[in-house]
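Undergrad: One structure is given below, represented as structure tokens, and several questions about it will come after.
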Amino acid sequence: VSWRISRSTVGGEAEVPGDKSIAHRALILAGLAGGSSYLTNLPSGADVQSTASCLRALSIEVRVSNGNVEVDPGRGMSAPVQPLDCGNSGTTMRLMAGVLTGQPFGSCLTGDESLSRRPMGRVVDPLTQMGACIRSQDGHPPLHIDGRHLHGVEYTLPMASAQVKSAVLLAGLTARGDTTVTEPLPTRDHTERMLEAAGVEIGRRGRRVTVRGGQRPDPLSGRIPGDPSSAAFLLVAASLTGGGIQMGGVNTNPTRTAYLNLLGRLGVAVSTEERTQAMGEPVGDVTVSGRPVHAFEIGVKDVALMVDELPLLALVATQVPGRSVVSGAEELRYKESDRIECVAEGLSRLGARIQARPDGWVVDGPSRLTGRRVDSRGDHRLAMTLAVAGLIADGETVVDGAEAAEVSYPEFQRTLARLGARIDED
Ligand code: S3P
């Protein structure tokens, strides 16, 4: 699938799909719970489907209709007859590894070509310290897991990763004794919030989280809030094209919305208003208007809190006067693509002055972008970043491999078009 995009203004009222990070965790905790859970606004993207189908293969009933989902764990998980296919989803593989190592059966986690290149040693190491038996291919998928009794561990993460933190905490639920994870810098804290919402006792002090083993989560219920990382594409599209946009029901967890604070510092009018809470998360309205006007620096301390929005922020950097620098972001090399190289290559093709560094980019702005043919490199966030770039480029931009967006935001092209974008699919 390719998108053809021309200069246009985006604005109005929008909704975004349910939060992918929350959906993975809600399905998994519901699968471990002592009764049926009922969730609404489940996003339809392929990554979340991967988690749902892994759970089904483990004998957990997951019934989805129109975004409403009932998860009935029945008598609990049982041995899968086939490898569990995580598709493109790193979150599925890493969180499920944490769950499966403590189960009384063997299992195997596999994924697509992109996922098969991503590092899994980061979950294998701490889980092995807990007594797990996992065989990987030199630190890569597939993961062959031999279920074992686990024991608690004190683990300091070598990198800021919410997925690794979550894998260890989920393993800690089935382990004997306490499991404590310390992170080098704060990362998204959805697992901690959701465990608490499910009645699991955890201790949180600064960057340390402790979970006592042998606890079973209560069933969950509620509406999955809108995904702030999907929202980012629409909000930035509106800002860069000079439109205004409002959206309701977005997850406003501060470990996810650091990019909004940054946009505010760049001169964009941003307002967020908390309206309610769901599954331990704050949920509210977000309004954005006006263009960014300042260059910026993002360093290691901010990276984890805006990690999925960095490709889009690189695009923002191409439109503001002066030199912007993103550093401390080598983790981007281990995402669905090597995002440091792929973003630099894609935006350069459109005429941006962007240089890849080992741990980020240097961008000189502002640049007038020119429509060209570019490729998603199979990465959903790159596909959508390039589409937003197309809205401000002269002439026509064609994004090949646009089907990559299906993993997190299948409705993206239609939603953007409804908000005024000239974007067609062929
Ligand atoms: C996620 C954590 C982040 C993020 C990913 C989703 C999560 O990955 O990039 O899109 O749901 O925990 P890392 O833990 O690898 O930083």
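The values are calculated or read from the model by the stated rules, or taken from the named source; none is laboratory data. Here the structure is a predicted model, which is why all the values come from computation and not from measurement. Note: areas computed on protein heavy atoms with side chains; ligands, DNA, RNA excluded. Shrake-Rupley method; radii C 1.70, N 1.55, O 1.52, S 1.80 Å.
Undergrad: Rolling a 1.4 angstrom probe over the protein chains, ignoring ligands and nucleic acids, what is the accessible area of Ser289 in square angstrom, nearest 10?
TA: For Ser289, solvent-accessible area is about 50 Å².
Undergrad: From the protein chains alone at 1.4 Å, what is the descending order of accessible area for Cys86, Cys108, largest first? All intermediate terms of the calculation are to be shown ahead of the outcome.
TA: Values: Cys86 0, Cys108 20 Å².
Highest to lowest solvent-accessible surface, that is Cys108, Cys86.
Undergrad: Shifting gears a bit: Any idea what Rg and Dmax come out to for the stretch 1-99 if you just take the C-alpha atoms, in Å?
TA: Values for the stretch 1-99 (Cα only, Rg and Dmax): 16.0, 55 Å.
Undergrad: Using just the helices of the chain, give the 222 nm mean residue ellipticity in deg cm²/dmol: DSSP H runs with n ≥ 4 each add -39,500 (n - 2.57), and the total is spread over all residues, rounded to 500.
TA: -9000 deg cm²/dmol
Undergrad: Name the most mobile residue of Asp138, Asp364, Asp375, meaning the one with the largest mean-square fluctuation, in a Gaussian network model of the chain with Cα contacts below 10 Å.
TA: Among Asp138, Asp364, Asp375, the largest mean-square fluctuation in the Gaussian network model of the chain belongs to Asp138.
Undergrad: Moving to a separate point now. Percent of accessible area on the stretch 47-105 owned by carbon and sulfur, 1.4 Å probe?
TA: Here carbon and sulfur together make up 44 percent of the probe-accessible area.
Undergrad: Okay, next question. With all pairs of different alpha carbon atoms counted, what Kirkwood hydrodynamic radius in Å does the stretch 285-426 show?
TA: Evaluated over the stretch 285-426, this radius sits at 15.2 Å.
Undergrad: Could you calculate the contour length gain from Arg418 to Arg204, that is, 0.36 nm times the residue separation minus the distance between their Cα atoms, to one decimal place in nm?
TA: Additional length available on full extension: 72.8 nm.
Undergrad: Regarding the chain, what whole-number volume in Å³ per residue does the convex hull of its Cα atoms give?
TA: 117 Å³
Undergrad: With both partners inside the chain, how many of the DSSP beta bridges are antiparallel, as a percent to the nearest 5?
TA: Just about 75 percent of them are antiparallel.
Undergrad: Using the heavy atoms of the protein chains and a 1.4 angstrom probe, tell me the accessible area per residue for the chain in square angstrom.
TA: Averaged over the residues of the chain, the accessible area is 37 Å².
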